[in-house]
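Only one structure is covered here, and it is reproduced in the block below.
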Amino acid sequence: MRIDILTLFPEMFDSPFAFSILRRARTNGLIDIVLSNIRDYAKDSYKKVDDKPYGGGAGMVMMCQPIFDCLETVQKQDERKGRLIILTPQGKKFDQALARDLAKEERLIFIAGRYEGFDERIKTAGDAEQISIGDFVLSGGELAAMVIIDAVVRLIPGALGDDDSALNDSFSDNLLEYPQYTRPENFKGMQVPDVLLGGNHKDIEKWRKQQAIEKTRQNRPDLLK
Ligand code: ADE
């Protein structure tokens, strides 16, 4: 999968892609991350990428021209069209089902904005999808892009060491994941549940399902609806 990121701060992406699953996916050639600096496409000598909003109001708005030019260049670099994603708190909410859907693509192109937001024409031109990672406002789309890329890449077959480990993830069947334990059996008086020590796989499976339902009921009743 080719992943393009259009941003004013490409350096922000250095560390999240340098560790663990994302690093391995890059070195194995499962993903190819291409960062483009929107400012390189600014036309004036100040490298201006934002301007005051029409109609007045606080803050600055990201201009059309640098982003459209950057996108045009990036799109020409590869024949795969890809899915174009604009990170914005006004987008549809990202979740595990959308992560699974995006993991099937051959190419994803993310546009991360700063300042108070984008000129609306950037969002509505072409067939861009607007995605939000939650009902809160970040200082820019970069962290949102990192969150989405991390969630998506681990679902690409071969990205995880043990392919099964994504199957039992929280949300995979609209339930939170069941509790897990490892050695020792007793830590400072806190005991691992007996059923997990018994080795009866049917009982363990039943217990895990009950626990997953109970945890979901307590913490995320909205998922059970
Ligand atoms: N940019 C600023 N806030 C955001 C959010 N919640 N999701 C996606 N992009 C954003």
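Quick notes on this structure:
- Answer residue from the stretch 123-142, given it is open to solvent by 60 Å² or more (accessible area, probe 1.4 Å) and either in contact with a helix residue (DSSP H, G or I) (Cβ under 8 Å, 6 or more places away or on another chain) or free of Cβ contacts under 8 Å to residues at least 12 places away in the same chain (or both) and is nearest to THR216 (Cα to Cα) among those: LEU138
- All of (1) open to solvent by less than 30 Å² (accessible area, probe 1.4 Å); (2) β-branched (Val, Ile, Thr); (3) not in a loop (DSSP other than H, G, I, E, B) hold for ILE156 with one exception: (3).
- A single entry from ALA97, ALA128, ALA151, ALA103 fulfils the requirement of being within 14 Å of the ligand (Cβ to nearest atom), within 13 Å of the chain's Cα centre (by Cα) and either at pLDDT below 95 or among the aliphatic types (A, V, I, L, M) (or both): ALA151.
- Annotation note: of LEU84, LEU22, LEU6, LEU35, the sole residue that is surrounded by 16 or more Cβ atoms within 10 Å (Cβ to Cβ) and either over 13 Å from ILE111 (Cβ atoms) or of a type in the set (Ser, Thr, Tyr) (or both) is LEU22.
- Picking from residues in the stretch 51-81 that are within 15 Å of the ligand (Cβ to nearest atom) and in a strand (DSSP E or B), the one that is least open to solvent (accessible area, probe 1.4 Å) is MET62.
- Residue in the stretch 12-19 that is over 19 Å from LEU143 (Cβ atoms), in the same structural domain as GLY140 (by TED's automatic domain parsing) and surrounded by 16 or more Cβ atoms within 10 Å (Cβ to Cβ) present: no
The values are calculated or read from the model by the stated rules, or taken from the named source; none is laboratory data. Here the structure is a predicted model, which means the values were calculated and not measured. Cβ: placed from backbone, ideal geometry, glycine included. Neighbour counts: every protein chain shown. Side chains are part of the model used for accessible areas, which takes the heavy atoms of the whole protein and leaves out ligands, DNA and RNA. Shrake-Rupley method; radii C 1.70, N 1.55, O 1.52, S 1.80 Å.
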